[in-house]
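Undergrad: Can you read through this structure? Questions will come right after.
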Amino acid sequence: LAATQAAAATLPEERSELLYHYYDGGGVRAQGPALLVRKSIADKVSLSAQYYVDAVSNASIDVVTTASPFKETRNAYDFGADWLVRDALVSLAVSSSREPDYTANAVGVDVAHEVFGAMTTVTLGFTRGSDEVKKTGEPAFADVARHWQYRFGLTQILTPRWLASANFEAISDAGYLGSPYRAARVFGAAVPERVPRTRSSRAVKLRSLYDYGEGPVRTALRAEYRYFWDNWDIKAHTAEFGAARYVAPGWLAEASVRFYSQDKALFYSDNALAETLYVTRNRQLATFKSTSFAAKATYTFGGAAARFDTKFTGVIERKQFKFSDFTDVRTGAAYEHNATVLQLLLSATF
């Protein structure tokens, strides 16, 4: 709740977390566990390891209209190390994700430095990723995609109860950036999609946190806005508002609403009427809007006198997607669907 939680020059707490996640929407179901363990060494270094599983059953509109439903499992591993150096925290992260036809590896480094008496935190970060793309049933198909991400952030404590931050992100992608399974439509006929092999994108995010009240009536308010644009001519706006409040001893309740809108890519077409160098019918590059509502409840066991700070958190989120220029070829109507997200988290600090 407290806005002052953003202080950088502090190692993360020693903790372990066990998460179960579930997603169901648009014909896609994904579920599985995740496990995180974090341990500090000599109050200067913090090490973490995480294992994440996604068991996916895919019958999305792309799949059912151009192929057959399928099931697959994705396994992801993340390892991190944080070093505390005076007023700075240096973080190194390594991740690896594997699916039957897709492998993604990334390494990143971030530096967060406190200045002006710990009232301001400046962050810099960089991530380098490399993906290997394959196609099930075609052993000869193989390609790569590489990613570079640069981050800069500034967090300011304005008052003991009010915190604001601004973050900028720049991403460059090169290589195979499409899907070997996805089809586009030209004059009503299905053709393999063709997308550029390079992409540059930028994003700016503004965030404000404020809390008021004391004890059982303490409440926190949050507001965020993000603007995204890229050289594929996509522009997107995201606004999110949230509130959190202690509603009973040990109980923290939160609620949030999120609005998202996006313009289509320059070469996107639901049904192209001319042959062009690039063409795609990827609905994620179409014009659409989404709205999501989330509710979250956290219960802390044992109170302040307990040896371990153990918490159980449940999150349920409902998402609505509405597309303006992507149609369901089975009905000819503009496509829309809903999705439900569920997360159950058990965590303990020690």
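The values are calculated or read from the model by the stated rules, or taken from the named source; none is laboratory data. Here the structure is a predicted model, which means the values were calculated and not measured. To get the accessible areas, we keep the full protein, side chains included, count just its heavy atoms, and leave off ligands, DNA and RNA. Shrake-Rupley method; radii C 1.70, N 1.55, O 1.52, S 1.80 Å.
Undergrad: Straight-line reach from Lys296: which lysines have Cα under 22 Å away, leaving out those fewer than 8 places along the same chain?
TA: Lys311, Lys319
Undergrad: Leaving out same-chain residues fewer than 8 places away, which lysines sit with a Cα under 26 Å from that of Lys134?
TA: Hits, sequence-local ones excluded: Lys71.
Undergrad: Okay, helix-only estimate at 222 nm for the chain: each DSSP H run of n ≥ 4 adds -39500 (n - 2.57), divide by all residues, round to 500 deg cm²/dmol; what do you get?
TA: -500 deg cm²/dmol
Undergrad: Leaving out same-chain residues fewer than 8 places away, which lysines sit with a Cα under 21 Å from that of Lys322?
TA: Of all the lysines, those that pass the test against Lys322 - Cα under 21 Å, at least 8 places apart if same chain - are Lys235, Lys264, Lys289.
Undergrad: How much accessible area per residue does the range 246-305 have, counting only protein heavy atoms and a probe of 1.4 Å, in square angstrom?
TA: Value for the range 246-305: 56 Å² per residue.
Undergrad: Pop out the Kirkwood hydrodynamic radius of the chain from its pairwise C-alpha distances, inverse of mean 1/r, in Å to one decimal.
TA: After inverting the mean inverse Cα-Cα distance, the result is 22.8 Å.
Undergrad: Also: Where only protein heavy atoms count, and the probe is 1.4 Å, what is the accessible area per residue for the range 126-222 in Å²?
TA: Roughly 55 Å² per residue, with all protein chains present.
Undergrad: Ok, one more. Taking every pair of alpha-carbon atoms in the range 220-317, what share in percent sits in each 10 Å bin, from 0 to the bin with the longest distance?
TA: 14, 28, 22, 17, 12, 6, 2, 0
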